[in-house]
Amino acid sequence: MAYETILVETRGKVGLITLNRPKALNALNSQVLKELLAATRAFEADDGIGCLVVTGSEKAFAAGADIKEMQAKSYVEAYLEDFFAGWEDFTRCRKPMIAAVAGYALGGGCELAMMCDFIIAADNAKFGQPEITLGVMPGMGGSQRLTRFVGKAKAMDLVLTGRMMDAAEAERCGLVSRIVAPEVLVEEALKAAQKIADFSLPAAMMAKEAVNRAYETTLAEGLRFERRLFHSMFALEDQKEGMAAFAEKRKPNFVNR
Ligand code: HXC
């Protein structure tokens, strides 16, 4: 597929997707969604890929859903097409995904970053849910994911005032896992992704599934789910290899990666 709004590259075992609508600060329109889903599915199906990185430009990860595309939409159109539901498909990617965020990650941009498994931010990153300033509210998960990630007080503050928070505040409140300089952002994200891709793919995918389960269920159910997945790992060749390598003081050579 020829992409117009994203750039797609393979770096070793990592699939790199770069949002590329510079004139609109990477605003997320329906074409971006279509292309992002196609690229993600292709990487998901590619046995050579163990991790994905999604990034934007130094000025903007994404400045939100495309306001100009949606402004004239009617209620019935939004309801019948289940507007924004397509983004749920993006979260169905089972391989680990890292968001590498520089510049603006606003509205749908912040929500897209939160759909990834963790966020590495450049120190110039700015996060926010400014939908209230447009007479609406978050529609791609912002009221739910943000609240689970940063807690009610901070989520209410951001969603109700529409203010932006910088990378340091985002790291402090747990939205961001680490902060790096803008010029090394993609390199650092690729390094982390390559590290993940060098581990056992089924182990990484199950670990991702287990952590995500923590957001969907009770502690007791989550612990049971984790333990059952953990038990199943003793059926993996990679478990035998990983533990043998430790005992033999050598590097593991995982089969499924
Ligand atoms: C469409 C956008 C856009 C967006 C920026 N642009 N954000 N187009 N949708 N979300 C376009 C501008 O119109 C402009 O195009 C160009 O990108 C550059 O933007 P500027 O505003 O000139 O840049 P700057 O002055 O640097 O300001 C950057 C900014 C500002 C602070 C990020 O662009 C901004 O506030 N953008 C909107 C942020 C926002 O509200 N996001 C939430 C969207 S709603 P032209 O053609 O004029 O050069 C959402 C979910 C909605 O995400 C859920 C509802 C159900």
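Take the conditions β-branched (V, I, T) and either open to solvent by 50 Å² or more (accessible area, probe 1.4 Å) or under 17 Å from G50 (Cα atoms) (or both) and apply them to V150. Does it pass?
Criteria not met by V150.
Could you tell me which numbered condition F43 fails, if it satisfies all but one of (1) more than 25 Å from A181 (Cβ to Cβ); (2) out of contact with any strand residue (DSSP E or B) (no Cβ under 9 Å at 6 or more places or on another chain)?
Status for F43: all satisfied but (2).
Would a scan of the range 176-186 turn up a residue that is at pLDDT 95 or above, open to solvent by less than 30 Å² (accessible area, probe 1.4 Å) and in contact with a helix residue (DSSP H, G or I) (Cβ under 7 Å, 6 or more places away or on another chain)?
Yes: one or more hits.
Restricting the search to the range 97-115, which residues are out of contact with any Leu (no Cβ under 6 Å at 6 or more places or on another chain) and open to solvent by less than 10 Å² (accessible area, probe 1.4 Å)?
The answer is I98, A99, V101, G103, A105, G107, G109, C110, E111, L112, A113, M114.
In the range 44-92, which residue that is away from the ligand (no atom under 15 Å from the Cβ) and within 13 Å of the chain's Cα centre (by Cα) is most open to solvent (accessible area, probe 1.4 Å)?
Step by step, filter the range 44-92, then rank; the result is R92.
If a residue must be under 20 Å from D47 (Cβ atoms), assigned to a helix (DSSP H, G or I) and of a type in the set (K, R), how many such residues does the range 200-257 contain?
Of the residues in that region, 1 qualify.
With the requirement that a residue be of a type in the set (D, E), assigned to a helix (DSSP H, G or I) and more than 16 Å from the chain's Cα centre (by Cα), what does the range 129-179 give you?
E131, D157, E169
Just give me the residues in the range 70-110 being assigned to a helix (DSSP H, G or I) and in contact with a strand residue (DSSP E or B) (Cβ under 9 Å, 6 or more places away or on another chain), in sequence order.
Within the range 70-110, W87, F90, G108, G109, C110 qualify.
Looking at (1) touching a helix residue (DSSP H, G or I) at 6+ places or on another chain (Cβ under 8 Å); (2) within 16 Å of the ligand (Cβ to nearest atom); (3) open to solvent by 10 Å² or more (accessible area, probe 1.4 Å); (4) aliphatic (A, V, I, L, M), which is the one condition that is false for L25?
Condition not satisfied by L25: (1).
So which residues in the range 205-257 are open to solvent by 90 Å² or more (accessible area, probe 1.4 Å) and among the hydroxyl-bearing types (S, T, Y)?
The answer is Y215, and nothing else.
If the Cβ limit is 8 Å and pairs must be 6+ apart or interchain, which residue in the range 200-221 that is under 12 Å from L236 (Cβ atoms) pairs with which residue that is of a type in the set (S, T, Y) and open to solvent by less than 80 Å² (accessible area, probe 1.4 Å)?
M206/S232
Select from the range 1-22 the residues that are assigned to a loop (DSSP other than H, G, I, E, B) and aliphatic (A, V, I, L, M) and write down the one among them that is modelled with the highest pLDDT.
A2
Please determine, by comparing only the residues of the range 122-144 that are more than 10 Å from the ligand (Cβ to nearest atom) and touching a residue at least 60 places away in the same chain (Cβ under 8 Å), which one is surrounded by the fewest Cβ atoms within 10 Å (Cβ to Cβ).
Taking the candidates together, the pick is N124.
So, in the range 29-39, exactly how many residues are open to solvent by less than 10 Å² (accessible area, probe 1.4 Å) and either farther than 14 Å from F84 by Cα or not in a helix (DSSP H, G or I) (or both)?
2
Return the pair list, or none, for Cβ contacts closer than 6 Å from residues in the range 152-177 that are farther than 20 Å from E58 by Cα to residues that are within 15 Å of the ligand (Cβ to nearest atom) and among the β-branched types (V, I, T), at least 6 apart or on different chains.
Between residues of the range 152-177 that are farther than 20 Å from E58 by Cα and residues that are within 15 Å of the ligand (Cβ to nearest atom) and among the β-branched types (V, I, T), the close pairs are G162/I132; G162/T133.
The values are calculated or read from the model by the stated rules, or taken from the named source; none is laboratory data. A quick note: this is a predicted structure, and the numbers were derived from the prediction, not measured. All Cβ positions, glycine included, derive from the backbone under ideal geometry; neighbour counts span all protein chains shown. SASA here: full protein model, heavy atoms, side chains in, ligands and nucleic acids out. Shrake-Rupley method; radii C 1.70, N 1.55, O 1.52, S 1.80 Å.
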